[in-house]
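Chemist: To start, I am sharing the structure in question, which I have written as structure tokens.
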Amino acid sequence: MIAGMSDTLPAARQLRRLVADRLRRGILEGRLTPGTWLRQEQIAREMGVSQMPVREAFRELAAEGLVVHEPYRGVRISSLTLADVRDVYAARAAIEALAIRAAATEITADELGTLRQLAAKMKRRLAPKHLAEYRDLNRQFHTVIFKASRRPYLIRLLEQLWTAFPAMLLDSFRKTAATPLPDRDTDDIAEHEAILEALSRHDPDAAEAAIRVHLEETVRHLTATLDEETPARALAEPLALAAGERSR
């Protein structure tokens with residue numbers, strides 16, 4: 001082995017991970033917004049690293065779908081479209097269906113108890129002022145289910161979807177994402193109860209049917225609402241991209 005290589009490689013990986021983590025956090029926390037161009041030289045200078053770990057971090061974030069590399073133009077933060085939202089929910093439906101079938105046979109009494117507690121809390125947090133808390137409880141509800149599958153690969157895929165999608169949705173459609181979906185609260189609660197009932201009976205077919213109905217209804221209401229916000233956003237986004245180009 002070349003002298004010093006064993007020390008250099010871990011250090012390089014650590015730098016790439018550090019840069020990727022900082023950029024990812026900035027994207028998911030909304031400090032770096034969709035359409036923003038990321039300048040390799042500038043980021044390297046601000047973080048006090050060479051351009052190589054920044055370039056490698058860009059590749060990692062591109063693989064996660066958080067940034068897009070455009071040849072001869074650079075790297076910019078991904079923006080969600082209505083088609084993207086539909087695709088994410090289609091992916092969730094397919095993967096969560098697999099996970100919930102496994103969970104129906106593997107879920108424990110303690111996990112069912114946790115789901116009942118979360119469902120009860122959601123019922124008490126339907127008011128618009130509790131929206132952030134309701135969404136967090138909803139995320140916990142779904143997370144308990146897919147982790148109960150004991151299927152590591154499915155769990156990793158769903159954790160990735162649940163980590164990136166809400167933040168990107170919020171930044172891409174701020175008005176809609178900041179308000180409850182119209183006429184959705186009562187149905188959402190009923191659908192969660194149907195999921196919980198199927199899991200309590202350890203019935204994989206009923207559990208899969210319930211999660212599919214839940215996700216299909218959610219994306220139907222969501223895209224109908226987002227569609228009302230799209231025209232204004234469709235005009236604003238090219239202007240933002242053009243401004244990014246001028247700043248290069």
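Chemist: Within the set of pairs 6 or more residues apart or between chains, which connect a residue that is more than 15 Å from Gly65 (Cβ to Cβ) inside segment 23-37 to a residue that is in a loop (DSSP other than H, G, I, E, B) and charged (D, E, K, R) with Cβ atoms less than 9 Å apart?
Modeler: Close Cβ pairs (under 9 Å, with a partner that is in a loop (DSSP other than H, G, I, E, B) and charged (D, E, K, R)) amount to Arg25/Arg31; Trp37/Arg73; Trp37/Arg248.
Chemist: Looking at segment 104-139 only, could you name the residues that are of a type in the set (S, T, N, Q) and in contact with a helix residue (DSSP H, G or I) (Cβ under 6 Å, 6 or more places away or on another chain)? Full working, then the answer.
Modeler: Pass one, segment 104-139, residues of a type in the set (S, T, N, Q): 105, 108, 114, 117, 138.
Within segment 104-139, just Thr114 meets the criteria.
Chemist: Would you pick out the residues in segment 134-161 that are of a type in the set (D, E, K, R) and in a helix (DSSP H, G or I)? Let's see the steps before the verdict.
Modeler: Of the residues in segment 134-161, the ones of a type in the set (D, E, K, R) are 135-136, 139, 147, 150-151, 156, 159.
Scanning segment 134-161 gives Arg135, Asp136, Arg139, Lys147, Arg156, Glu159.
Chemist: Any idea which residue in segment 26-45 is surrounded by the most Cβ atoms within 10 Å (Cβ to Cβ), counting only those that are modelled with pLDDT of 85 or more and in a helix (DSSP H, G or I)?
Modeler: If we take residues in segment 26-45 being modelled with pLDDT of 85 or more and in a helix (DSSP H, G or I), then Ile43 is surrounded by the most Cβ atoms within 10 Å (Cβ to Cβ).
Chemist: Follow-up. Looking at Val144 and the list (1) touching a residue at least 40 places away in the same chain (Cβ under 8 Å); (2) aliphatic (A, V, I, L, M); (3) within 29 Å of Ala206 (Cβ to Cβ), which single condition is not satisfied?
Modeler: (1)
Chemist: Right, next: Of the numbered conditions (1) on the phi > 0 side of the Ramachandran plot; (2) out of contact with any strand residue (DSSP E or B) (no Cβ under 6 Å at 6 or more places or on another chain), Gly74 satisfies every one except a single condition; which is it?
Modeler: Unmet condition: (2).
Chemist: For segment 44-85, give me each residue that is under 13 Å from the mean Cα position of the chain (by Cα) and touching a residue at least 60 places away in the same chain (Cβ under 8 Å).
Modeler: If the condition is that a residue be under 13 Å from the mean Cα position of the chain (by Cα) and touching a residue at least 60 places away in the same chain (Cβ under 8 Å), then Glu64, Gly65, Leu66, Ser78, Ser79, Leu80, Val85 are the ones that fit.
The values are calculated or read from the model by the stated rules, or taken from the named source; none is laboratory data. Because the structure is a prediction, the values reported are computed rather than measured. Using ideal geometry, Cβ is built from the backbone for each residue, glycine included, and neighbour counts are taken over all protein chains shown.
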